[in-house]
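**Student:** Got a structure here, written out as structure tokens. Questions coming.
The values are calculated or read from the model by the stated rules, or taken from the named source; none is laboratory data. Keep in mind it's a predicted model, so treat the numbers as computed, not measured. In this analysis, Cβ positions are derived from the backbone assuming ideal geometry, glycine residues included, and neighbour counts consider all displayed protein chains.
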Amino acid sequence: MTDAASSGSFRGYACIVAAATCWSLIGAVGRLPMSAGVSPLETAFWRTAFGCLCFALHVFRDGGWRMPWRHALCLTAFGFWGVGAFFGLTQYAVALSGGATAVVLLYTAPVWVALFSFLFFHERPDRGTIAAMLAALLGTGLLCGSGGSLSASPSLPGIVCGLGTGLCYATHYPFCRWWQRRYATVVIYAYMFLGGTLALGLFAPVEMTHRAADWGAFAVLGVVCCYAGYYCYGQSLLRIPLVRAAGIAYLEPLLSTLWLAIFWGEAFSPLGWGGSLLILGAVLTITLRRRDLA
């Protein structure tokens, strides 16, 4: 391997570690304004709005806004689901079942991808993938039955929201992968975040009279967790294979659980830990077995 290739690979791995670290802050930081009475939907709105502003400034700097109006409309419309619903469900899952539970359930996304591949594209999963999907299903049952990381009685709405985030996230891969043939990743996210901001703005009770600490949390969620996280992720994919990036990204739930335990006292019961490890092990197996991601 040449020095240039080695340097590029090192930067790629550094970028995916940075992305996972940025994403891992969502649960811990998102709980700050919600603990002060800000609704989950408004928290999601400001997270999306700050992220949208960063992506917009980036695109304006590079002059990449111009595209056919139909393409812009398609990207913006997907943002209603891929960003608006995704971020809204994430904050509700954090509020109802705990941030650690939310991030683990988010990582059921590869199970949804494998299921959709079978249902819509007739891709028959091998025995290893089937076993991993069953393990993920069992792990989800154990995690949800344990009451999650809040050590409370199980919240059905929180569980549904957490699984919904995995479903939303699963649709990002084929959608963004297709549009990346035409436009830069930052342009795609700029329009998607615009759609997400519009969607959440229609339903969230937006106020301007928040504490300085809440505004700081909104800024961190938008600038660090959204813009910096997705930007670093995109940069990593330019330098290392997607399958390796996906594997290293599993630092996110581990780091997220650590931050939530330190700052908010969240902890899984032994049953919850067992379920979490089953889910993460299963989805990592499914991710690594998908040769088309290499």
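**Student:** Restricting to the range 226-239, count the residues that are buried (at least 22 other Cβ atoms within 10 Å of the Cβ) and touching a Cys at 6+ places or on another chain (Cβ under 8 Å).
**Tutor:** Total meeting the criteria: 4.
**Student:** Here is a further query. Would you call residue 27 in contact with a Lys or Arg (Cβ under 9 Å, 6 or more places away or on another chain), assigned to a helix (DSSP H, G or I) and modelled with pLDDT under 95? Quick ask: steps written out before the conclusion?
**Tutor:** Numbers: in contact with a Lys or Arg (Cβ under 9 Å, 6 or more places away or on another chain): no; assigned to a helix (DSSP H, G or I): yes; modelled with pLDDT under 95: yes.
It is false that residue 27 is in contact with a Lys or Arg (Cβ under 9 Å, 6 or more places away or on another chain), assigned to a helix (DSSP H, G or I) and modelled with pLDDT under 95.
**Student:** Which condition from (1) buried (at least 24 other Cβ atoms within 10 Å of the Cβ); (2) touching an Asp or Glu at 6+ places or on another chain (Cβ under 7 Å) is the one that residue 117 breaks?
**Tutor:** Condition not satisfied by residue 117: (1).
**Student:** Can you confirm whether residue 135 is modelled with pLDDT under 95, of a type in the set (Gly, Ala, Ser), surrounded by fewer than 24 Cβ atoms within 10 Å (Cβ to Cβ) and over 22 Å from residue 174 (Cβ atoms)?
**Tutor:** Answer is yes for this residue.
**Student:** Consider residue 273 carefully, then state whether it is under 11 Å from residue 104 (Cα atoms), at pLDDT 85 or above and aromatic (Phe, Trp, Tyr).
**Tutor:** Here the answer is yes, as residue 273 does meet what is asked.
**Student:** Checking the conditions here, which among 106, 89 is under 13 Å from residue 196 (Cα atoms) and aliphatic (A, V, I, L, M)?
**Tutor:** 89
**Student:** Right, here's the next one. Go through 117, 97 for me and flag whichever is of a type in the set (Ser, Thr, Tyr) and either under 18 Å from residue 261 (Cα atoms) or modelled with pLDDT of 85 or more (or both). Don't jump to the end; show me each part of the working.
**Tutor:** Details: 117 fails: either under 18 Å from residue 261 (Cα atoms) or modelled with pLDDT of 85 or more (or both).
Exactly one of 117, 97 is of a type in the set (Ser, Thr, Tyr) and either under 18 Å from residue 261 (Cα atoms) or modelled with pLDDT of 85 or more (or both), namely 97.
**Student:** Give the residue that is nearest to residue 171 (Cα to Cα), with candidates limited to residues of the range 97-124 that are free of Cβ contacts under 8 Å to residues at least 12 places away in the same chain and part of a helix (DSSP H, G or I).
**Tutor:** Checking each candidate, the answer is 117.
**Student:** Oh, and also: Among the numbered criteria (1) assigned to a helix (DSSP H, G or I); (2) at pLDDT below 75; (3) not aliphatic (A, V, I, L, M), which one does residue 161 miss?
**Tutor:** Exception for residue 161: condition (2).
**Student:** If you don't mind, another one. Out of the residues in the range 167-215 meeting the condition of being aromatic (Phe, Trp, Tyr) and under 20 Å from the mean Cα position of the chain (by Cα), tell me which one is surrounded by the fewest Cβ atoms within 10 Å (Cβ to Cβ). Break it down stepwise before answering.
**Tutor:** Taking the range 167-215 and keeping what is aromatic (Phe, Trp, Tyr), we get 169, 173, 175, 178-179, 183, 189, 191, 193, 203, 215.
Narrowing further to those that are under 20 Å from the mean Cα position of the chain (by Cα): 169, 173, 175, 178-179, 189, 191, 193.
Details: 169: 20, 173: 16, 175: 16, 178: 10, 179: 19, 189: 29, 191: 27, 193: 31.
It comes out as 178.
Yes/no matrix, rows are residues, columns are (1) more than 13 Å from the chain's Cα centre (by Cα); (2) more than 23 Å from residue 284 (Cα to Cα):
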{"position": "22", "(1), (2)": "no, no"}
{"position": "33", "(1), (2)": "yes, yes"}
{"position": "62", "(1), (2)": "yes, yes"}
{"position": "69", "(1), (2)": "yes, yes"}
{"position": "133", "(1), (2)": "yes, no"}
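**Student:** Filter the range 56-71 for residues that are closer than 15 Å to residue 193 by Cβ, in a loop (DSSP other than H, G, I, E, B) and not small (Gly, Ala, Ser) and give the result.
**Tutor:** Listed by number, the list holds a single entry, 65.
**Student:** Do you know which of the residues in the range 36-71 that are small (Gly, Ala, Ser) and without any contact (Cβ under 8 Å) to a residue 60 or more places away in the chain is surrounded by the fewest Cβ atoms within 10 Å (Cβ to Cβ)?
**Tutor:** In the first step, residues of the range 36-71 are kept if they are small (Gly, Ala, Ser); the result is 36-37, 39, 44, 49, 51, 56, 63-64.
After this cut, where a residue has to be without any contact (Cβ under 8 Å) to a residue 60 or more places away in the chain as well, the list is 37, 63.
On the way: 37: 10, 63: 7.
So, considering only residues that are small (Gly, Ala, Ser) and without any contact (Cβ under 8 Å) to a residue 60 or more places away in the chain, the one surrounded by the fewest Cβ atoms within 10 Å (Cβ to Cβ) is 63.
**Student:** Moving to a separate point now. Within the range 194-212, can one find any residue that is more than 24 Å from residue 27 (Cα to Cα), part of a helix (DSSP H, G or I) and either in contact with a strand residue (DSSP E or B) (Cβ under 8 Å, 6 or more places away or on another chain) or β-branched (Val, Ile, Thr) (or both)?
**Tutor:** Looking through the range 194-212, none of the residues is more than 24 Å from residue 27 (Cα to Cα), part of a helix (DSSP H, G or I) and either in contact with a strand residue (DSSP E or B) (Cβ under 8 Å, 6 or more places away or on another chain) or β-branched (Val, Ile, Thr) (or both).
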